[in-house]
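> One structure, pasted below without further comment.
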Amino acid sequence: MYIGSMKAGSVSYTRAGGKIPFAPEKTDPRLLWRWPVTMLTPVEIHLTFDSPIFAASVRFNVSGAPLSRAEVLIPDGDEGRCIAARDAQGGAPFGGDVLLTTARRSDHFIIRLTPVMQNLDLSMPEVIGYDDGQPVLYPTPTSFGLTGGKLPLTALAAACDSKDADCAFAGTYLAERLCEQWDVCASEKSVRFVKDTEMAADAYTVIVKEDGVKITSSTRLGMLYGVERLMELSSEDGILCCTISDIPYKPMRGFHFGLPPREEIPFMKRLIRTILIPGHYNQLFMEFAGGMRFDSHPEISEAWLDGNIRGEKGELPPFPHGSMNSGGRLLEKEEVRDFCDYAKELGFELIPEVQSFGHVQYITFAHPDIGERDDSVEETKEDTRLADQPPSKVFAHSYCPSNPKSLAIIFDLIDEIVDVVRPPRFVHMGHDEIYEIGLCPKCKGTPHDVLYERHVKALHEHLAKKGLRMMIWADMLQPTEKRYSTCTAIDRLPKDIVLLDFIWYFHFDLDMEDHLLPSGFEVLMGNLYSSHYPRYESRAAKERMIGGQVSTWCRMDEYTLAKKGKIYDLLYTAEMLWSPSYLEDAREAYADILAMRIPALRDRIHGYKRRLCRETAPLTLPAGGGKVSHAIADACAEASLTPRRLSTPLSVPVGCRADALCFKHATLFDEVREAWKNLVHIGRYTVRYADGTECPIDVEFGYNIYSSRRRYSAPQTDKYYRHQGYMATWCVDPALQSADEDGRSVTVLAWEWVNPHPDKEIVSVFCEELPSSAAGIILAGVDTVTYK
């Protein structure tokens, strides 16, 4: 499988319209048309492929600034159909590196360039994409080749003659996956798992022949990756015969989250199996705060519970990191240990995070006497486009590092958490955003970098006695952060500490790791958000950049993760961390692959097998509602959709039972989406049953609907949305992705609502936009869905 620059079968050059040949004066090493020949006449470069491909983007370099417009078109009549375009801004012509996002399948792409009386000197345009006529594996394997033939599913039982525990576990996992995905219980034992300790950690090979399968890896998790590759290649007809060799790009591929609420532990286990193992992740960073009951300090647990409950009642500000950890409640040690054992049995490395020095309200709320605070300083309201809002000063954010009681408490908590988690290598000790430091009598007068150094070294020594290494967030060591004066401690800290750089998202113009790597540290890309991380390809390639972790910073449940775009972020980032061939310019290719996979992943995480046998039937939308633009109407017509604007309510007749309803909709405009706040409800679809009962359905902007002008999964690249970079990706699918005559996106989303009363006849669905909304809901179709 290949994602990258696609080789065209033929290239030709014409004037606009494609009929009159217009060859360049030169083609090697670059294309050249001189201005007396072109004047203002558009030039077309036709790239024709042997079969349709998916083009994510088209890129080229132009010398100088000779262009007033650049377009990519596909054949459609004499003029062609524009699918992407860039115009001169403010009348100023442009050039340099040009990237046009296309996201379209075709076997013929036309690059039309309109000059401004200057020479056209450019590189041959590249189409970045992939050929989906071949099997598509994700994340992209190091090497993959088909060898011909198929192996039946019934032959996929493991020949567990090995006494190796990892091989035996992988065999059981394979049997579970076959039953789960295909309802097949294999009888012929033709799958061998082999342990090869000489292979790189988590690397694996898969060899599928007509007489059997061999999966080889040095680790249990690598074998499970191999099983997931088999599932990718499987169909009801069997498994394609092939060879796969796969080696991870980065050794650390992590997911950072707070302890799940008790009722969400089953969901978290399904997330690990459904998203993390197929995504080739290998580390779980688990933040604790006060979310687990501490035997050594029951007063901390009691205060944690009290603070969260009072915060929910409005008697206190929301407790910092409260809902993120155990949903603001307490998990018992045995519950946490059971979850950890589950993850470790699958082969994941566990890294507990014990917030220390800063973000320690879970400690200081119970022990205000060690809180480091300055009540003379008033709370400030930050511009959250550029900085994170510090927590309420009602709670002491930091503790005094010079107070022996502070160290005694944090050592006790470390010991309890390590005893439960039993991490093999690392403990993450936080140490970020220490807003209050050097304030109390014990600390005042001591340089802040010295206070920071002493505390880091004390915790480092405590962990070293347990045979464990230390991780910390790196913001306090960055010279760019003028609010802190601790960065000079960097060269006095032990070099075996792993630094997690997360404030890259405040400095898009800087490679922030360059302030850390020269001091000899290994660096992990903290809060690695695929929606925002700039220049990933060049930055990840630097020596001692050992990986990254996707962070949640929210309650661990499906709805919250979905509305914040976290599940999609996990899926996308998997390619970045696993595959050295990742290309940012191929973003739409990865998005296309994920769009095809998410429905099955969504069903799997819910425990359904229904997508293998489902029937849909479109309902007739009644006349009425407001008019929509020609661009939207024309695009919808291509997909046999009949868009209606809900400026006036619409009652859609149904007249049958249904297991689900699929709403195909979008909005004309963006609605407000405030970070860290609830999403805005912009509409309501009320299902009316024959027995007189009703079921209201909320339409939430950013969860199950968004603007028709935004491509599916397009990142929200503004810094303000750094923690929530995707909208409406997990619970919806693209029903229509097109473009208007100017190349602007036209998107309609499909949202499948599962009927809680499938035994009842549905009379109608009353669809309305709320009076408070100015988003302009467009309802383009409703289908009934039946699961067989």
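The values are calculated or read from the model by the stated rules, or taken from the named source; none is laboratory data. As the structure is a computational prediction, the values presented were derived from the model and not from experiment. Neighbour counts are summed over all protein chains in view; Cβ atoms, including those assigned to glycine, are modelled from backbone coordinates with ideal geometry. The accessibility values were calculated without ligands, DNA or RNA, using every heavy atom of the protein model including side chains. Shrake-Rupley method; radii C 1.70, N 1.55, O 1.52, S 1.80 Å.
> Looking at Ser10 and the list (1) closer than 30 Å to Asp592 by Cα; (2) surrounded by 12 or more Cβ atoms within 10 Å (Cβ to Cβ), which single condition is not satisfied?
(2)
> Is it true that Ser640 is open to solvent by 70 Å² or more (accessible area, probe 1.4 Å), modelled with pLDDT under 95 and either outside any loop (DSSP other than H, G, I, E, B) or closer than 30 Å to Val136 by Cβ (or both)? Step through it out loud before you land on a result.
On the way: open to solvent by 70 Å² or more (accessible area, probe 1.4 Å): yes; modelled with pLDDT under 95: yes; either outside any loop (DSSP other than H, G, I, E, B) or closer than 30 Å to Val136 by Cβ (or both): yes.
For Ser640, the condition - open to solvent by 70 Å² or more (accessible area, probe 1.4 Å), modelled with pLDDT under 95 and either outside any loop (DSSP other than H, G, I, E, B) or closer than 30 Å to Val136 by Cβ (or both) - is met.
> Test Ala186 against the criterion of being modelled with pLDDT under 95, among the small types (Gly, Ala, Ser) and surrounded by 21 or more Cβ atoms within 10 Å (Cβ to Cβ), and give yes or no.
Details: modelled with pLDDT under 95: yes; among the small types (Gly, Ala, Ser): yes; surrounded by 21 or more Cβ atoms within 10 Å (Cβ to Cβ): no.
Judged against the criteria, Ala186 is not a match.
> Also: With among the charged types (D, E, K, R), more than 27 Å from Glu382 (Cα to Cα) and open to solvent by less than 10 Å² (accessible area, probe 1.4 Å) as the only criterion, which of Glu588, Glu575 stands out?
Within the list Glu588, Glu575, the selection yields Glu575.
> What's the number of the only condition in (1) modelled with pLDDT under 95; (2) touching a strand residue (DSSP E or B) at 6+ places or on another chain (Cβ under 8 Å) that Leu619 fails to meet?
Going through (1) modelled with pLDDT under 95; (2) touching a strand residue (DSSP E or B) at 6+ places or on another chain (Cβ under 8 Å) one by one, Leu619 breaks only (1).
> Limited to segment 234-252, what total is found for residues that are over 30 Å from Ser538 (Cβ atoms) and open to solvent by 10 Å² or more (accessible area, probe 1.4 Å)?
Taking segment 234-252 as the starting set, the residues that turn out to be over 30 Å from Ser538 (Cβ atoms) are 234-243.
Right, trim to open to solvent by 10 Å² or more (accessible area, probe 1.4 Å) and you get 234-237, 240, 243.
Within segment 234-252, residues that are over 30 Å from Ser538 (Cβ atoms) and open to solvent by 10 Å² or more (accessible area, probe 1.4 Å) number 6.
> Looking at Val450, Val427, Val456, which is the one that is β-branched (Val, Ile, Thr) and either over 25 Å from Leu284 (Cα atoms) or modelled with pLDDT under 95 (or both)?
On the way: Val427 fails: either over 25 Å from Leu284 (Cα atoms) or modelled with pLDDT under 95 (or both); Val456 fails: either over 25 Å from Leu284 (Cα atoms) or modelled with pLDDT under 95 (or both).
Of the residues listed, the single one that is β-branched (Val, Ile, Thr) and either over 25 Å from Leu284 (Cα atoms) or modelled with pLDDT under 95 (or both) is Val450.
> Could you list, in sequence order, all residues of segment 481-539 that are under 30 Å from the mean Cα position of the chain (by Cα) and among the aromatic types (Phe, Trp, Tyr)?
Phe502, Trp504, Tyr505, Phe506, Phe508, Phe521, Tyr529, Tyr533, Tyr536
> Give the number of residues within segment 675-698 that are assigned to a loop (DSSP other than H, G, I, E, B), touching a residue at least 60 places away in the same chain (Cβ under 8 Å) and farther than 25 Å from Met727 by Cα. Reasoning before the result, please.
Here is the first cut: in segment 675-698, the residues assigned to a loop (DSSP other than H, G, I, E, B) are 675-680, 690-693.
Of the ones still in play, those that are also touching a residue at least 60 places away in the same chain (Cβ under 8 Å) are 675, 679-680, 690-691, 693.
With the extra rule that they be farther than 25 Å from Met727 by Cα, the set shrinks to 690-691, 693.
Adding up the residues that qualify gives 3.
> Then there is this: Does Ala458 satisfy being on the phi < 0 side of the Ramachandran plot, surrounded by fewer than 17 Cβ atoms within 10 Å (Cβ to Cβ), touching a residue at least 40 places away in the same chain (Cβ under 8 Å) and among the small types (Gly, Ala, Ser)? Break it down into steps so the answer makes sense when it comes.
Numbers: on the phi < 0 side of the Ramachandran plot: yes; surrounded by fewer than 17 Cβ atoms within 10 Å (Cβ to Cβ): yes; touching a residue at least 40 places away in the same chain (Cβ under 8 Å): yes; among the small types (Gly, Ala, Ser): yes.
So Ala458 fits the description; yes.
> Look at segment 395-418 and say how many of its residues are surrounded by fewer than 21 Cβ atoms within 10 Å (Cβ to Cβ) and among the hydroxyl-bearing types (Ser, Thr, Tyr).
Looking only at that region, the number is 1.
> Those residues that are touching a Lys or Arg at 6+ places or on another chain (Cβ under 8 Å), open to solvent by 20 Å² or more (accessible area, probe 1.4 Å) and part of a strand (DSSP E or B), I need them from segment 74-111; list them, please.
If the condition is that a residue be touching a Lys or Arg at 6+ places or on another chain (Cβ under 8 Å), open to solvent by 20 Å² or more (accessible area, probe 1.4 Å) and part of a strand (DSSP E or B), then Ile74, Ala85, Arg86, Asp87, Asp97, Leu99, Thr101, Ala103 are the ones that fit.
> Still on this structure, I have one more. Given (1) open to solvent by less than 70 Å² (accessible area, probe 1.4 Å); (2) at pLDDT 95 or above; (3) not in a strand (DSSP E or B), where does Leu178 come up short, assuming only one miss?
The one condition Leu178 does not meet is (2).
> Could you please give the count of residues in segment 419-455 that are open to solvent by 20 Å² or more (accessible area, probe 1.4 Å), in contact (Cβ under 8 Å) with a residue 12 or more places away in the chain and out of contact with any helix residue (DSSP H, G or I) (no Cβ under 6 Å at 6 or more places or on another chain)?
Selection size over segment 419-455: 14.
> Could you say which residue among Leu601, Leu594 is touching a residue at least 60 places away in the same chain (Cβ under 8 Å) and open to solvent by 10 Å² or more (accessible area, probe 1.4 Å)?
Values: Leu594 fails: open to solvent by 10 Å² or more (accessible area, probe 1.4 Å).
On inspection, the qualifying residue turns out to be Leu601.
> Within segment 569-602, take every residue that is of a type outside the set (A, V, I, L, M) and within 19 Å of Glu264 (Cβ to Cβ) and give me the one that is modelled with the lowest pLDDT. Break it down stepwise before answering.
Taking segment 569-602 as the starting set, the residues that turn out to be of a type outside the set (A, V, I, L, M) are 569, 572-573, 575, 578-582, 584-585, 587-588, 590, 592, 597, 599, 602.
Those still in the list that are within 19 Å of Glu264 (Cβ to Cβ) too: 569, 602.
On the way: Asp569: 98, Arg602: 95.
My answer is Arg602.
> Ile697 fails exactly one of the following numbered conditions: (1) at pLDDT 95 or above; (2) open to solvent by 40 Å² or more (accessible area, probe 1.4 Å). What is the number of that condition?
Single failed check for Ile697: (2).
> Could you check segment 201-238 and list, in sequence order, the residues that are among the charged types (D, E, K, R), over 20 Å from Leu153 (Cα atoms) and either in a loop (DSSP other than H, G, I, E, B) or modelled with pLDDT under 95 (or both)? Before you say what the answer is, go through the steps one by one.
First, the residues of segment 201-238 that are among the charged types (D, E, K, R): 202, 209-211, 214, 220, 228-229, 232, 236-237.
Applying the additional criterion that residues be over 20 Å from Leu153 (Cα atoms) yields 202, 220.
Asp202 - this is the single residue of segment 201-238 that is among the charged types (D, E, K, R), over 20 Å from Leu153 (Cα atoms) and either in a loop (DSSP other than H, G, I, E, B) or modelled with pLDDT under 95 (or both).
> Could you list, in sequence order, all residues of segment 126-170 that are touching a Gly at 6+ places or on another chain (Cβ under 6 Å), modelled with pLDDT of 85 or more and open to solvent by 40 Å² or more (accessible area, probe 1.4 Å)?
The initial filter retains those residues of segment 126-170 that are touching a Gly at 6+ places or on another chain (Cβ under 6 Å), namely 150-153, 158, 160.
Imposing the further condition that a residue be modelled with pLDDT of 85 or more reduces the set to 150-153.
Result: Lys150, Pro152.
> Same structure, new question: Confirm whether Ser651 is closer than 23 Å to Val765 by Cβ, among the hydroxyl-bearing types (Ser, Thr, Tyr) and under 32 Å from the mean Cα position of the chain (by Cα).
On the way: closer than 23 Å to Val765 by Cβ: yes; among the hydroxyl-bearing types (Ser, Thr, Tyr): yes; under 32 Å from the mean Cα position of the chain (by Cα): no.
Taking the combined requirement at face value, the residue does not satisfy it.
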